[in-house]
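Enquirer: This is the structure I have questions about; it appears just below.
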Amino acid sequence: MWLYFLKRIVLAVAIIVVAVTLLFLMIHAVPGDPAVTLLGPRATLEMKAKLHEQMGLDKPIVVQIVTFFGGLLRGNFGFDVSSQRPVADIVFGQLPYTIELILSSILWAVAIAVPLGCYSAMRRNSVIDQVIGVMAVATIAIPSFVMAVYALLIFAVALRWLPAIGPGEGFSDRIAHLILPAFAIGVGWIGYISRLVRASMLEVLGENHVRMARSFGIPEWRIVTRYALPLAILPTVTILGVGIAWLLSSAVFIEVVFARPGIGALIVNAVNTRNYPIVMGVVLVTTVVTVVATTVSDLVAAVLDPRTRENL
């Protein structure tokens, strides 16, 4: 297990280095001069040159990449050229809002989807199974930003049951402001996870150890929860780790629609203003979060099923 853990850590570091390098090159390939965007069209050549020097854009791209990684090793993400604040303070100040949105979205989706998937597998081809299947496909087909707009119009504007914009103040107020954004992101995952759990559960319920448990007269609910579910949940654990990237991309639209703070809204503003230090800081943090989530999901799968350790 420790060897498997070490391999995953080394692979995670390699993925982060490659991903950040590629994204660094892509960001610098975007048309437009950040100096013109930040200083305005009336900026003089001297002002532009000074800002280029301050941002390190006057150096070759290879030197910029090496300098960026060198700063990371010292814990330095750089400085925002407009506010002169450390990039780390800005990014990590917005990150908790996005993390709470993602976790709340996936937690309530899993809490509903896993029981639905298990019940559909136990009542295969029944009317309820078919109804759950239709609803699952319908929720998967609706994009999160469309769900966000309709949820906002119905529950916040028309019915006035929930607040519309902002993060809220105080614990209860923040929970109220979190319901609609978390619903918009998580509703699609209910259908996806329930279908995945159903398919995995049907496969596991046909294995020999489950048949033997039935022959001993063990109740069906105990067979499902104790013997079948730990194996059937493995694909879901893996998908959730990989799906963090999708959740982060969904958070960008949701935070804009609901005017919530977070790294999604932060990177949108940074890209529009060509604020390279902020963009690289957000890209680095989101890449690390995605890789860490994928690594944790693989480790959890390895704990639940030791056979998966042989795949690396």
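The values are calculated or read from the model by the stated rules, or taken from the named source; none is laboratory data. These figures come from a predicted structure and were not determined experimentally. Quick reminder, even Gly has a Cβ in these numbers, built from the backbone with ideal geometry, and neighbours come from all protein chains shown. For accessibility, only protein heavy atoms count, side chains too; no ligands or nucleic acids. Shrake-Rupley method; radii C 1.70, N 1.55, O 1.52, S 1.80 Å.
Enquirer: Starting from residues that are within 21 Å of the chain's Cα centre (by Cα) and not aliphatic (A, V, I, L, M), keep the ones in region 167-182 and report whichever is nearest to Y97 (Cα to Cα).
Expert: Looking at residues that are within 21 Å of the chain's Cα centre (by Cα) and not aliphatic (A, V, I, L, M), I get P167.
Enquirer: Of the conditions (1) hydrophobic (A, V, I, L, M, F, W, C); (2) within 24 Å of L180 (Cα to Cα); (3) at pLDDT below 80, F258 clears all except one; give me its number.
Expert: Only one criterion is unmet by F258, namely (3).
Enquirer: Now for a separate question. Where in region 204-293 are the helices (runs of 4 or more DSSP H), entirely inside, with at least 2 residues that are farther than 23 Å from V20 by Cα and touching a residue at least 60 places away in the same chain (Cβ under 8 Å)?
Expert: Numbers: elements: 208-215, 229-232, 234-242, 244-257, 263-272.
It comes to 229-232, 234-242, 244-257.
Enquirer: Another question, if that's okay. Considering every residue within region 112-126, establish whether at least one is closer than 26 Å to V289 by Cα and either among the β-branched types (V, I, T) or not in a helix (DSSP H, G or I) (or both).
Expert: yes
Enquirer: With respect to the numbered conditions (1) of a type in the set (G, A, S); (2) open to solvent by 50 Å² or more (accessible area, probe 1.4 Å); (3) modelled with pLDDT of 85 or more, which one is the sole condition not fulfilled by A182?
Expert: (2)
Enquirer: Now a separate question. Under 6 Å between Cβ atoms, which residue pairs at least 6 apart in sequence (or on different chains) link something in region 113-127 that is open to solvent by less than 40 Å² (accessible area, probe 1.4 Å) with a partner that is polar (S, T, N, Q) and assigned to a helix (DSSP H, G or I)?
Expert: Within 6 Å, the pairs are A113/S194; G117/S194.
Enquirer: Next question. Can you pull out the residues in region 153-167 that are hydrophobic (A, V, I, L, M, F, W, C) and open to solvent by 60 Å² or more (accessible area, probe 1.4 Å)?
Expert: L153, I154, F155, V157, A158, L159, W161, I165
Enquirer: Please go through region 45-86 and give me each residue that is over 20 Å from L22 (Cα atoms) and open to solvent by less than 60 Å² (accessible area, probe 1.4 Å), ordered by number.
Expert: Of everything in region 45-86, those that are over 20 Å from L22 (Cα atoms) and open to solvent by less than 60 Å² (accessible area, probe 1.4 Å) turn out to be K48, A49, L51, H52, G75, D80, V81, S83, P86.
Enquirer: Still on this structure: So A251 ticks every box in (1) over 30 Å from Q64 (Cβ atoms); (2) crowded, with 22+ Cβ neighbours inside 10 Å but one. Which box is left unticked?
Expert: (1)
Enquirer: Among residues belonging to region 33-78 that are of a type in the set (S, T, N, Q) and in a helix (DSSP H, G or I), point out the one that is modelled with the lowest pLDDT.
Expert: T37
Enquirer: Which of (1) part of a loop (DSSP other than H, G, I, E, B); (2) open to solvent by less than 60 Å² (accessible area, probe 1.4 Å); (3) closer than 27 Å to R195 by Cα is the odd one out, the single condition S105 does not satisfy?
Expert: Status for S105: all satisfied but (1).
Enquirer: Next up: Among the residues that make up region 269-289, is at least one of them hydrophobic (A, V, I, L, M, F, W, C), closer than 26 Å to I179 by Cα and surrounded by fewer than 17 Cβ atoms within 10 Å (Cβ to Cβ)?
Expert: no
Enquirer: Is there any pair linking a residue in region 7-18 that is touching a residue at least 12 places away in the same chain (Cβ under 8 Å) and within 14 Å of V292 (Cβ to Cβ) to one that is of a type in the set (D, E) and in a helix (DSSP H, G or I), with Cβ under 9 Å and at least six apart or on different chains, and which?
Expert: Filtered contacts from region 7-18: R8/D298.
Enquirer: Restricting to region 138-152, what's the tally of residues that are free of Cβ contacts under 8 Å to residues at least 60 places away in the same chain and open to solvent by 90 Å² or more (accessible area, probe 1.4 Å)? Step through it out loud before you land on a result.
Expert: So in region 138-152, the residues free of Cβ contacts under 8 Å to residues at least 60 places away in the same chain come out as 138-143, 146-147, 150-151.
Applying the additional criterion that residues be open to solvent by 90 Å² or more (accessible area, probe 1.4 Å) yields 150.
Matching residues across region 138-152 total 1.
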